[in-house]
Amino acid sequence: MKRSRLFQITVLLLVVVAAVQDGYWLFDQHLRGAEKTVSLMRLYDQQSAAAEAMLAAGVPAARIQALFPDLSVSVDHVALAPEHLAGLIDEQRRRLTQYLWEGGFFLFALFACIGVIFAALRVETRVLNEQEQFLALVSHQFKTPLASLQLSLETMSLRQLPAERSRALIDRMLLDLTRMETMVGQILDSSRLSHGRMELKSEAVLLDAAVTRVVSQYLERAQTDHISIESQIPEQLQVLSDPIAVDAVVRNILENALAAVAPVGGGKVTLTARSLGTEIELAVRDSGIGFRASDQSQLFRKFSRLNAGAGSSYYGTGLGLFIVQRLMQLTGGRVSASSEGLGRGAEFLLHFPAVHA
Amino acid sequence: MSEPLYRVMVVEDDPHLAAGVVENLRAEGYEADSVGDGRKAVEWFESHSCDLIILDVMLPGMDGFAVCSTLRERGTTTPVLFLTARGDAVDRIRGLEAGGDDYLAKPFHLQEFLLRVRAILRRWDWYRESARTQGSDVLRFAGNEVDFRAFRGRSWNGEAQELTEKEAMILKVLAEKPGEIVSREDLLEKVWGYDVFPSTRTVDNFILRLRKRFERDPATPVHFLTVWGVGYRFMSGEES
């Protein structure tokens, strides 16, 4: 990678040098052309002076004319032949135009090259930085559950624990593994979404069935964290989307809600839906930790974990809401969030395109 | 446990890790508690104290470096062990500059963690004990004065000096053996205990800081003398 970067920078430098050289050549040719005309004019001036002197000395005009063919010599007058003067000026103008066109074209081509190479370099640098940042963040996200897992295992290996403590540690380790599994899934999803490598269908999806299926997977965890999940979705509501995307969106939004409620010692998550003509709105409300209005813009960013410390880091990768937003965008929907402030719960509104009857 | 009961505060946002660390510390006989937010940790220290802080770096509310700096600015000298997923050299140095005593990268080995905890507490015990028992907790030399308990001092020109705990500990180690050579390795072992710094140059920097505080002419020191290739010698000025 470093070698190719060095090559690109070298090419860029060469093109810049070529552009400078071309510009200098253009300037130099212009100067030389002007100088050449001036020296020719000087030569003709000297020839005229000589011809005039010879005329004054009584040399016949015809002889002088033969000596200086570029001059027009009459009995009492010596001047540069008008066709020569016109030719000289024409030549100078022609040469200048040629230099301007040729030099200008090369200069343009070189500047275009510089622009293209520079833009490519910038894009590559940005992509490399993003990749590095992504890797750093991903590895950081994994280190915490790994550390927890290692700690639990080493605790079991180091100490003689009663059966119930061992059981508790095993449960903790299983949760850590689930957490890492969730992370892997989310990282893969977000990577595919970032690079637009996800092929999404557009078909009628029964919202009630999709929500019920996801909710059933989280009931046990919700019960452990003293959270009640209520779902009131009219049976006939159908959204126009990709069934897998709907599943992922509901799953991630529910994960987020549970993670927000768990730290406050339990509470409620409600899912309701209604038809808004061309759209179907799914509202997910929770009685959790909420967020500040100033943090709203960060909610859907990759790796933003506003409430990481409040317990959501059990499962939080900072990718869930990013995935929700990207999937909603790609399936023609949108998502928005609101909260009355810290400790006052939050509401996420998902707008799916409705199926036209 | 035969060791005295130490109180350890764990500042860690991951509940599993915090619980695991607290449980293990308790199993070792320490009194341990945890808090999961940087700001809450700073608030907690306004009305409480402990013998050791285990501090995560990436914390909500306020990051670990800021927590450590804030506590140090407020005069809290409690030793800090950084425990974090960010384990590169830059972060380690940042942590130590913020006033940390040691640094352990996640994931870590439980026994190593417990050993480090024990080592930090032992070093502080040594410092506190020696400050209390060896006649006086105040060192006076050539018009300078250092109170090892308060981490304060006054230099020969009457200027008040606020010492960092590391400066105080280094001075303590040197002053315990006036006129004798103390190697850089000995200083590192006694003051830091582990290979948390990349080189013994760090000790040299602390010595420079001590010279600036207490020497009349730091360029030609008479109290903190370098013994080339070995270490340092402290001369109170009353040896002869």
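FYI, it's all coordinate maths here, none of it is from the lab. Keep in mind the model is a prediction, meaning the values are calculated, not measured. Here Cβ is always computed from backbone atoms with ideal geometry, including for glycine, and neighbour counts include all displayed protein chains.
Distance distribution note for the range B:136-234: the fraction of Cα pairs above 17 angstrom is 47%. Evaluated over the Cα positions of chain A, the convex hull gives a direction-averaged projected area, one quarter of its surface, of 33.5 nm².
Rounded to the nearest whole Hz, the Karplus-based 3J(HN,Hα) values (6.51 cos²θ - 1.76 cosθ + 1.60, θ = phi - 60°) of the range B:140-155 follow the sequence 10, 8, 6, x, 8, 9, 10, 9, 5, 7, 8, 6, 10, x, 9, 8, with x at glycine and proline.
Which angle from 0 to 90°, rounded to the nearest 10, does the C-alpha axis of helix A:82-158 make with the longest principal axis of chain A? In chain A, helix A:82-158 runs at an angle near 20 degrees to the longest axis. Taken about its Cα centre, chain A carries a charge dipole of roughly 1000 debye when the Cβ of each Lys and Arg holds +1 and the Cβ of each Asp and Glu holds -1.
Over the residues of chain B, the helix contribution to mean residue ellipticity at 222 nm works out to -13000 deg cm²/dmol, using -39500 (n - 2.57) for each DSSP H run of at least 4. Counting neighbouring beta carbons within 10 Å and listing from fewest to most, the residues A:R292, B:R213 come out as A:R292, B:R213.
Can you tell me the dipole magnitude for the range B:1-158 around its Cα centre, using point charges on the Cβ only (Lys, Arg +1; Asp, Glu -1), in Debye to the nearest 20? It works out to roughly 580 debye. Scanning chain A for GluC sites (Glu not before Pro) in DSSP loops with at most 15 neighbouring Cβ atoms within 10 Å leaves A:1-198 as the longest stretch between them. With respect to chain A, whose longest principal axis is taken over its alpha-carbon atoms, helix A:243-261 is tilted by about 70°. When the Cα positions of A:M54, A:A119, A:L85 are compared along the charge dipole of the range A:2-130, A:A119 comes out farthest toward the positive end, with charges on each C-beta of Lys, Arg, Asp and Glu.
Spin-label point model (7 Å from Cα, Cβ direction): what's the A:A120 to B:D217 distance in nm? The answer from the label model is 6.4 nm.
Comparing A:G288, A:G341, A:G318 in a Gaussian network model of chain A where C-alpha atoms under 10 Å apart are linked, the largest mean-square fluctuation is found at A:G341. Based on the Cβ-Cβ distance from A:R159 to B:R132, what FRET efficiency comes out when R0 is 22 Å, to the nearest 0.05? Working from the Cβ atoms, E equals 0.05.
Let me know the shape class of the range A:141-194, please: from the alpha-carbon gyration tensor, a ≥ b ≥ c as square roots of the eigenvalues, rounded when a/c is under 1.5, otherwise prolate if a/b is greater than b/c, or oblate.
It is prolate, given that a/c is not under 1.5 and a/b is the larger ratio.
If you place +1 on the Cβ of every Lys and Arg, -1 on the Cβ of every Asp and Glu, and leave all else neutral, what size is the dipole of the protein assembly as shown about its Cα centre, to the nearest 20 Debye?
Dipole magnitude for the protein assembly as shown comes out near 380 debye.
Show me, bin by bin at 10 Å from 0, the whole-percent P(r) of the protein assembly as shown based on Cα pairs. Result, from short to long distances: 3, 12, 16, 14, 13, 11, 8, 6, 5, 5, 4, 2, 1, 0 percent. Give me A:L13, B:L225, B:L5 ranked fewest to most by other Cβ atoms within 10 Å of their Cβ, as a rough exposure proxy. Fewest to most other Cβ atoms nearby, the residues stand as B:L5, A:L13, B:L225.
Dipole orientation for chain B: of the candidates B:C50, B:V11, B:T164, B:T164 has the Cα lying most toward the positive pole (charges on Cβ; Lys, Arg +1; Asp, Glu -1). Can you flag which of B:K106/B:K172; A:K201/A:K268; A:K143/B:K40 are past 26 Å Cα-Cα? Going by Cα-Cα distance, B:K106/B:K172; A:K201/A:K268 fall outside the 26 Å limit.
Quickly estimate the mean residue ellipticity at 222 nm for chain A, helices only: each DSSP H run with n ≥ 4 gives -39500 (n - 2.57), and the total goes over all residues, rounded to 500. One gets -22000 deg cm²/dmol as the mean residue ellipticity at 222 nm. Between the residues B:V67, B:G87, B:I120, the greatest Cα displacement towards the positive end of the dipole of the range B:7-130, with unit charges on the Cβ of Lys, Arg, Asp and Glu, is found for B:I120. Here the residues A:C113, B:C50, ranked from fewest to most Cβ neighbours within 10 Å of their Cβ, fall in the order A:C113, B:C50. Given the range A:203-353 reduced to its alpha-carbon atoms as identical point scatterers, what log10 I(q)/I(0) does the Debye formula return at q = 0.12, 0.18 Å⁻¹? Calculated log10 I(q)/I(0) at the listed q: -0.44, -1.03.
If you sort the three axes of the alpha carbon gyration tensor as a ≥ b ≥ c, you get a/c of 1.5 or more for the range B:5-63 and a/b no higher than b/c, which makes it oblate. To the nearest ten degrees, helix A:207-224 and the longest principal axis of the Cα atoms of chain A are 60 degrees apart. Find me the longest stretch of chain B that has none of the exposed GluC sites (Glu not before Pro), where exposed means in a DSSP loop (not H, G, I, E or B) with at most 16 other Cβ atoms within 10 Å. Longest gap between qualifying sites, sites excluded: B:29-158.
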